[in-house]
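> Structure provided below as structure tokens; questions to follow.
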Amino acid sequence: MKFLVCISNVPDTTTKIAFTPDNKEFNKAGVQFVINPWDEYALTRAIELKEAQGGGTVTVLNVGEADTEPNIRKALAIGADDAIRVNAYPKDAFFVAQQIASIAKDGGYDVILMGKESIDYNGFQVHGMVGELLGIPTVAPAMKLDMSGNTATLEREIEGGKEIVEVNTPFVASCQQPMCEPRIPNMRGIMTARTKPLKVVEPVGDAPRTEVATYALPPKKEGVKLIPAENAGELIKLLRNEAKVI
Amino acid sequence: MSVLVVVECDGGEVKKSSLEVASYGSQVAQLLGTTATAVAVGEATEANLAQLGEQGITKVLYDAEPRLKDFVNGAYTKLIAAAAQQEDSKVIVLANSNIGAAVGSRLSVRLQASLATNVVELPKNDGGQFTVKRGAFSGKALADVVLSGERKILAVKKNSIEALHEAGKTAQVESFSAQLTDADFADAPKQVIMQEQTGGVLLPEADKVVSGGRGMKGPENWNLIEDLAKALGAATACSKPVSDVDWRPHHEHVGQTGITVSPNLYIACGISGAIQHLAGVNSSKVIVVINKDPEAPFFKAADYGIVGDVFDVLPKLTQAVKELG
Ligand SMILES: Cc1cc2nc3c(=O)[nH]c(=O)nc-3n(C[C@H](O)[C@H](O)[C@H](O)COP(=O)(O)OP(=O)(O)OC[C@H]3O[C@@H](n4cnc5c(N)ncnc54)[C@H](O)[C@@H]3O)c2cc1C
Ligand SMILES: Cc1cc2nc3c(=O)[nH]c(=O)nc-3n(C[C@H](O)[C@H](O)[C@H](O)COP(=O)(O)OP(=O)(O)OC[C@H]3O[C@@H](n4cnc5c(N)ncnc54)[C@H](O)[C@@H]3O)c2cc1C
């Protein structure tokens, strides 16, 4: 079975967010980029399923410029077999989805896995767009994924519960915990990753449909009002009379 | 050309987030000089749908097909696309929920629309340029996004818009059929399993949340969190390490890699306030922190704080809430 795992290159979760002086772009200076944490679930689960099936391939795909290659190599070190980078700045979700759909179609992939959402742009939208572009089902966000032949059984999180969904290949799923325990690269993986194929292709498709005009930081808090522990009950009065939230 | 609002219903009731979405949609309609029509999904009653008039909705389309009670991506997408066609809608508004995101993303491709998720404010429509504000970087920033498509789909973040309540106004409920066939239900769930919610309050919809971290020491102490939550009518939540070790179920984990909540009140008990935790809660209106360490980073993000032991403070708070009556 052929797995395609889409990975996004995002600022590390501890990053202090800052923008360029014109507030038009994210300031990358000094920022460590990582594989989007949700995508690690997709990657590890694809590798586990491939191993369980005793054959098949796991290809990682990123839409990004050359500076994303260290994280693509990391995905190869974790256990993907090969990689594709679409050489373009990921201008918007629709643009990214078109690249993924085009590669999925040309490559005849059976299972297309991604993360629940990117932690930078928080779109939570690429999965549905890819599914619709390909005319195949999408299960998002999935907490569990098992395969038996060409049929997948997934647990899809809904507000307040979950649905058990069955789909046949090809399909798209966006992954989150507790799907698996994300793997980290070992020494052997890091060594072999260097020689695994990484193909660079040029983008296709239509223009993006959205554009960020400006970024801003959220308004700052005024500062904390401390209530002595002995008078804890006082807090409840403040929440009712001052903050008016209870 | 009316604005189309997707209203999610559950057990006959319109979800709170959908009342916000309806209010958002009717205000967008006003901005564009048109009316707002809702299309309802899930299990609804005609009386509750008619009440959407209070949120400024003129007309509600409802397909009583019983298989639409549970979420089915294919069928919901087709139903909403058909409603958008009938109403010639250029703007579609839905909730930034798991359903809203799943349907909105497919619709954006089908209708060739610009999609903005995580929207937190009403749009601006200046000189033909349609701009919305959305949350980005997991709550650490905001972005103004220009939507260039002729059609636009907006997914509105929960609790970022005040629901309107114009008492006495009613909407006209019309039955609607998208001529759904068996093929549209191919991805219907085999089974739907709902979790027990503390005090019956659903975390993603809650407007008050009491949350516990590693400072609670163990699952046997969660009655302290639950008692306060019950007294307040709040949902319960937890930090990631707490759900990682199964003190609490995974769906209660909030933060950058869990769920994002934006209640009116978030009470953090024995949580240090790591940046990844804050990302999931920092758009809450009022944050209260209870921590024995005065240097805990969470105090910097808090509105009210108590430096103290949760085992001493929590029972006092629960008692004080009960005394309020
Ligand atoms: C500084 C900055 C500026 C940006 N400017 C804009 C802008 O002007 N307009 C705009 O719409 N977007 C912009 N983006 C967002 C960026 O283009 C996103 O990568 C893209 O929109 C998809 O992210 P998402 O959050 O929508 O994806 P989601 O739907 O949240 O992502 C779901 C999954 O899709 C996969 N995925 C996402 N992106 C990629 C990728 N690049 N390659 C491979 N797989 C991927 C991952 O598996 C991910 O977990 C900007 C991002 C940054 C950091
Ligand atoms: C990639 C990544 C993603 C992550 N995503 C998330 C996420 O989504 N959500 C999340 O929560 N975390 C996330 N984390 C983990 C995060 O970094 C922190 O480790 C975590 O939030 C800490 O949880 P905590 O505050 O419960 O525990 P701790 O940091 O151990 O804090 C416990 C606190 O309790 C206080 N305390 C102890 N005893 C008492 C007492 N008796 N009374 C009062 N206070 C007491 C202590 O002073 C301390 O401040 C992520 C980490 C990484 C690397």
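The values are calculated or read from the model by the stated rules, or taken from the named source; none is laboratory data. A quick note: this is a predicted structure, and the numbers were derived from the prediction, not measured. Cβ atoms come from the backbone with ideal geometry, glycine included; neighbour counts cover every protein chain shown.
> Identify all residues within the range B:243-275 that are within 11 Å of another protein chain (Cβ to nearest Cβ), more than 20 Å from the chain's Cα centre (by Cα) and among the polar types (S, T, N, Q); write none if there are none.
B:SER243
> Then there is this: Just give me the residues in the range A:171-193 being surrounded by fewer than 21 Cβ atoms within 10 Å (Cβ to Cβ) and within 14 Å of chain B (Cβ to nearest Cβ), in sequence order. Quick ask: steps written out before the conclusion?
Residues of the range A:171-193 that are surrounded by fewer than 21 Cβ atoms within 10 Å (Cβ to Cβ), as a first pass: A:178, A:180-193.
If the condition is that a residue be surrounded by fewer than 21 Cβ atoms within 10 Å (Cβ to Cβ) and within 14 Å of chain B (Cβ to nearest Cβ), then A:PRO178, A:CYS180, A:GLU181, A:PRO182 are the ones that fit.
> Restricting attention to the range A:129-152, which residues are in contact with a Lys or Arg (Cβ under 8 Å, 6 or more places away or on another chain) and either within 16 Å of ligand 2 (Cβ to nearest atom) or free of Cβ contacts under 8 Å to residues at least 24 places away in the same chain (or both)?
Once the filter is applied, which keeps residues that are in contact with a Lys or Arg (Cβ under 8 Å, 6 or more places away or on another chain) and either within 16 Å of ligand 2 (Cβ to nearest atom) or free of Cβ contacts under 8 Å to residues at least 24 places away in the same chain (or both), the range A:129-152 yields A:GLU132, A:PRO141, A:MET143.
> Continuing with the same structure: Read through the list (1) away from ligand 1 (no atom under 16 Å from the Cβ); (2) in contact with a helix residue (DSSP H, G or I) (Cβ under 9 Å, 6 or more places away or on another chain); (3) of a type in the set (S, T, N, Q), then give the number of the only condition that A:THR151 fails.
For A:THR151, the failing item is (2).
> Moving on. What number of residues within the range A:158-170 are surrounded by fewer than 22 Cβ atoms within 10 Å (Cβ to Cβ) and touching a residue at least 12 places away in the same chain (Cβ under 8 Å)?
Qualifying residue count, the range A:158-170: 6.
> Just one of B:LYS78, B:LYS124, B:LYS69, B:LYS140 is touching a residue at least 24 places away in the same chain (Cβ under 8 Å) and within 11 Å of chain A (Cβ to nearest Cβ); which is it?
Working: B:LYS78 fails: within 11 Å of chain A (Cβ to nearest Cβ); B:LYS124 fails: touching a residue at least 24 places away in the same chain (Cβ under 8 Å); B:LYS69 fails: within 11 Å of chain A (Cβ to nearest Cβ).
Answer to the selection: B:LYS140.
> Would you confirm whether or not the range B:216-236 contains a residue that is over 25 Å from B:ASN98 (Cβ atoms), modelled with pLDDT of 95 or more, among the aromatic types (Phe, Trp, Tyr) and not in a loop (DSSP other than H, G, I, E, B)?
yes
> Applying the selection to the range A:16-35, what residues are under 28 Å from B:HIS277 (Cβ atoms) and either surrounded by 22 or more Cβ atoms within 10 Å (Cβ to Cβ) or among the acidic types (Asp, Glu) (or both)?
Matches in the range A:16-35: A:GLU25, A:ILE35.
> Being out of contact with any helix residue (DSSP H, G or I) (no Cβ under 7 Å at 6 or more places or on another chain) and under 19 Å from A:TRP38 (Cα atoms) is the requirement here; does A:TYR89 meet it? Show your work before the answer.
Numbers: out of contact with any helix residue (DSSP H, G or I) (no Cβ under 7 Å at 6 or more places or on another chain): yes; under 19 Å from A:TRP38 (Cα atoms): no.
No: the conditions fail for A:TYR89.
> Next question. Quickly run through the range B:256-292 and pick out the residues that are part of a loop (DSSP other than H, G, I, E, B), of a type in the set (Gly, Ala, Ser) and either within 6 Å of ligand 2 (Cβ to nearest atom) or within 25 Å of A:ALA232 (Cβ to Cβ) (or both).
If the condition is that a residue be part of a loop (DSSP other than H, G, I, E, B), of a type in the set (Gly, Ala, Ser) and either within 6 Å of ligand 2 (Cβ to nearest atom) or within 25 Å of A:ALA232 (Cβ to Cβ) (or both), then B:GLY258, B:GLY270, B:SER272, B:GLY273, B:ALA274, B:SER284 are the ones that fit.
> Can I ask one more? Of the residues that sit in the range B:166-184 and are closer than 18 Å to B:VAL60 by Cβ and polar (S, T, N, Q), which one is surrounded by the fewest Cβ atoms within 10 Å (Cβ to Cβ)?
B:SER175
> Within the range A:1-30, how many residues turn out to be within 15 Å of B:ALA136 (Cβ to Cβ), within 15 Å of ligand 2 (Cβ to nearest atom) and either more than 12 Å from the chain's Cα centre (by Cα) or in a strand (DSSP E or B) (or both)?
Residues that pass the stated criteria total 5.
Each row is one residue, and each column tells you yes or no for (1) under 23 Å from A:GLU157 (Cα atoms); (2) assigned to a strand (DSSP E or B); (3) among the small types (Gly, Ala, Ser); (4) touching a Pro at 6+ places or on another chain (Cβ under 9 Å).
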| site | (1), (2), (3), (4) |
| --- | --- |
| B:ALA22 | no, no, yes, no |
| B:ILE57 | no, no, no, no |
| B:ALA64 | no, no, yes, no |
| B:GLY74 | yes, no, yes, yes |
| B:ALA101 | yes, no, yes, yes |
